[in-house]
Amino acid sequence: MLAAGSAAERGLRVILLERNARLGKKLGITGDGRCNLTNTDERDAFIRNFGANGKFLYRAFDAFSNHDLVAFFSEQGVATKEERGGRIFPANDRADSVVGALERYMKRHGVAVRLSSRAERIVVDAASGAVAGVRIRDRETTIKAENVILATGGLSYPATGSTGDGYSMAKALGHTIVPPRPALVPVETAETFPKDLQGLSLAGVAVTVVSGRKRIASETGDLIFTHYGISGPVVLSLSGAIVERLDRGEPVAVSINLKPALDRAGLEDLLIREIAGSARKLIGTAMKGLVPKALVPVLLNAGGIPEERQCGRITSAERKRLAGSLADFRLTVKRPRPIEEAVVTRGGIDLKEVDPRTMESRKVKGLYFCGELLDIDGSTGGYNLQAAFSTARLAAANVPTSRP
Ligand SMILES: Cc1cc2nc3c(=O)[nH]c(=O)nc-3n(C[C@H](O)[C@H](O)[C@H](O)COP(=O)(O)OP(=O)(O)OC[C@H]3O[C@@H](n4cnc5c(N)ncnc54)[C@H](O)[C@@H]3O)c2cc1C
């Protein structure tokens with residue numbers, strides 16, 4: 001939508017093809033329906049959120065930065081506000097107002113929107129090797145076009161329309177597709193007890209990804225237990241590191257520190273205080289003062305301590321084990337949830353085959369790419385939408401008004 005509107009604003013004749021019967025289905029559910037549009041991070045910090053492939057984004061970010069994005073939406077009547085971690089949201093907390101603004105922007109500049117029109121193939125002129133049009137599925141029609149911006153998204157949340165069509169269209173034209181994998185994805189655990197804890201949310205826990213003896217990555221945030229394992233912002237953030245190790249066939253565990261503000265000695269002191277004054281109390285009851293009720297049997301079980309043991313009979317070795325479980329509560333990761341449940345897709349159009357200064361294909365003249373379809377994915381916090389908007393704007397800026 002931003003690519004279409006921006007190209008039209010430059011005076012190009014633009015047709016937008018959307019397979020759904022309405023626009024912006026995914027955009028409308030972003031940020032839990034509030035749309036975390038971008039982030040206030042400055043350029044280098046911003047781009048670090050995309051890992052090694054991030055450098056591809058420098059030109060796009062310079063062409064349309066987070067500041068430009070905020071100014072653009074403000075001009076379209078969408079005021080924004082900043083929240084925790086520099087996250088930018090529409091001031092009215094409504095993702096649909098972002099979709100509406102883009103629709104109005106396109107309309108104002110005369111984009112012809114064709115809904116329920118699923119692009120099937122990009123037609124290339126055999127003689128020149130340049131783009132000549134787009135074939136639409138089920139309609140037996142081909143729309144003539146000198147340039148095409150492919151913006152079909154990744155493979156995540158396919159019910160929104162992003163089913164990876166762009167990969168096959170680009171592949172048919174000789175592009176390499178880096179295998180799509182889930183990113184920002186919940187994970188399944190070998191342990192089955194998360195099912196019993198389903199819905200339990202742990203706020204502000206420190207989570208570390210561990211592979212063998214190595215600590216791979218660590219973050220503090222909120223975690224939620226699900227019927228298959230664990231999810232929540234901190235798990236999604238760490239999932240890139242988890243998936244990478246699993247892909248290499250390495251074992252992966254997740255260590256949860258339930259009391260990140262305390263070191264081991266502090267934890268033991270806390271346990272002593274909790275246990276000392278209540279010698280006749282059952283340890284199961286005493287622990288309810290320290291962790292959510294549902295977690296108590298699991299933690300005691302991990303420490304090999306019966307729930308009905310009286311506090312006065314807890315040995316110092318048991319107390320140490322309990323402190324250990326509070327600081328390093330382990331879960332074994334089995335696999336990520338399927339790509340359909342991932343917030344974004346890692347992999348996609350190989351960046352080596354796209355010019356980062358223009359977003360044009362290095363293989364087919366007149367073919368441009370933007371958004372999640374590219375082999376770019378970032379952290380949570382508004383980075384992915386900014387990448388989509390920046391690459392869209394840059395592609396639109398570089399489509400020639402007429403081919404020489
Ligand atoms: C639940 C959820 C929440 C998210 N929240 C955030 C957030 O708050 N902030 C953030 O930065 N990122 C968020 N993301 C990620 C972000 O939504 C995506 O990275 C972004 O939408 C990618 O934009 P895109 O335009 O490349 O692709 P998409 O938004 O996927 O749009 C692609 C469009 O192309 C259409 N299409 C596909 N194939 C065809 C075809 N063959 N013919 C015609 N049309 C076709 C689709 O129907 C769709 O409308 C979230 C993702 C999910 C799933």
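The values are calculated or read from the model by the stated rules, or taken from the named source; none is laboratory data. Just so you know, these numbers come straight off a predicted model, no measurement behind them. Every residue, glycine as well, gets a Cβ built from its backbone with ideal geometry; the counts of neighbours run over all protein chains shown.
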- Report the residue count in the range 13-57 for those that are more than 18 Å from residue 344 (Cα to Cα) and in contact with a Ser or Thr (Cβ under 6 Å, 6 or more places away or on another chain). 2
- Selected residue (criterion: surrounded by the fewest Cβ atoms within 10 Å (Cβ to Cβ)) from residues of the range 24-36 that are more than 7 Å from the ligand (Cβ to nearest atom) and in contact (Cβ under 8 Å) with a residue 60 or more places away in the chain: 33
- From the residues in the range 154-207 that are among the small types (Gly, Ala, Ser) and under 15 Å from the mean Cα position of the chain (by Cα), which one is surrounded by the fewest Cβ atoms within 10 Å (Cβ to Cβ)? 162
- Message: Being over 29 Å from residue 365 (Cα atoms) and assigned to a loop (DSSP other than H, G, I, E, B) is true for just one of 138, 93. Which residue is that?
- Response: 93
- Sole residue being assigned to a helix (DSSP H, G or I) and either within 25 Å of residue 215 (Cα to Cα) or in the same structural domain as residue 173 (by TED's automatic domain parsing) (or both), chosen from 352, 259: 352
- Message: Could you check the range 125-171 and list, in sequence order, the residues that are more than 15 Å from the ligand (Cβ to nearest atom) and either of a type in the set (A, V, I, L, M) or without any contact (Cβ under 8 Å) to a residue 12 or more places away in the chain (or both)?
- Response: 125, 126, 127, 130, 131, 132, 140
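This table checks each residue for (1) under 30 Å from the mean Cα position of the chain (by Cα); (2) touching a residue at least 60 places away in the same chain (Cβ under 8 Å).
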| position | (1), (2) |
| --- | --- |
| 311 | no, no |
| 336 | yes, yes |
| 360 | yes, no |
| 363 | yes, yes |
| 366 | yes, yes |
| 377 | yes, yes |
- Item | Those residues of the range 324-366 which are more than 24 Å from residue 145 (Cα to Cα) and of a type in the set (S, T, N, Q), in sequence order | 325, 332, 345
- Message: Could you check the range 285-301 and list, in sequence order, the residues that are touching a residue at least 24 places away in the same chain (Cβ under 8 Å) and over 18 Å from residue 200 (Cα atoms)?
- Response: 286
- Query: In the set 87, 43, which member is buried (at least 19 other Cβ atoms within 10 Å of the Cβ), of a type in the set (Lys, Arg) and farther than 17 Å from residue 374 by Cβ?
  - Reply: 87
- Task: Name every residue in the range 1-47 that is of a type in the set (Ser, Thr, Tyr) and under 30 Å from residue 143 (Cα atoms), in order of residue number.
- Result: 6
- Item | Sole exception among (1) in a helix (DSSP H, G or I); (2) in contact with a Phe, Trp or Tyr (Cβ under 8 Å, 6 or more places away or on another chain); (3) not assigned by TED's automatic domain parsing to the domain that holds residue 219 for residue 372, by number | (2)
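Step by step: first the residues of the range 311-370, then only those that are of a type in the set (Lys, Arg) and modelled with pLDDT under 95, then the one that is surrounded by the most Cβ atoms within 10 Å (Cβ to Cβ). Which residue is that?
Of everything passing the filter in the range 311-370, 346 is surrounded by the most Cβ atoms within 10 Å (Cβ to Cβ).
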- Query: What about residue 12, is it buried (at least 19 other Cβ atoms within 10 Å of the Cβ) and either away from the ligand (no atom under 15 Å from the Cβ) or not assigned by TED's automatic domain parsing to the domain that holds residue 97 (or both)?
  - Reply: yes
- Note on the structure: Taking the range 351-360 and keeping residues within 16 Å of the ligand (Cβ to nearest atom) and at negative phi leaves 351, 354
- Selection from the range 375-390 of residues that are more than 8 Å from the ligand (Cβ to nearest atom) and either in a helix (DSSP H, G or I) or of a type in the set (A, V, I, L, M, F, W, C) (or both): 376, 389, 390
- Note on the structure: Restricted to the range 10-43 and to residues being farther than 26 Å from residue 118 by Cβ and of a type in the set (Asp, Glu), the residue modelled with the lowest pLDDT is 32
- Single residue of the range 105-124 satisfying the filter (surrounded by 18 or more Cβ atoms within 10 Å (Cβ to Cβ), within 30 Å of residue 339 (Cβ to Cβ) and among the aliphatic types (A, V, I, L, M)) that is farthest from the ligand (Cβ to nearest atom): 124
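Here is a yes/no grid of residues against (1) surrounded by fewer than 14 Cβ atoms within 10 Å (Cβ to Cβ); (2) basic (Lys, Arg); (3) touching an Asp or Glu at 6+ places or on another chain (Cβ under 6 Å):
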{"site": "226", "(1), (2), (3)": "no, no, no"}
{"site": "229", "(1), (2), (3)": "no, no, yes"}
{"site": "239", "(1), (2), (3)": "no, no, no"}
{"site": "252", "(1), (2), (3)": "no, no, no"}
{"site": "271", "(1), (2), (3)": "no, no, no"}
{"site": "277", "(1), (2), (3)": "yes, no, no"}
{"site": "287", "(1), (2), (3)": "no, no, no"}
{"site": "291", "(1), (2), (3)": "no, no, no"}
{"site": "294", "(1), (2), (3)": "no, no, no"}
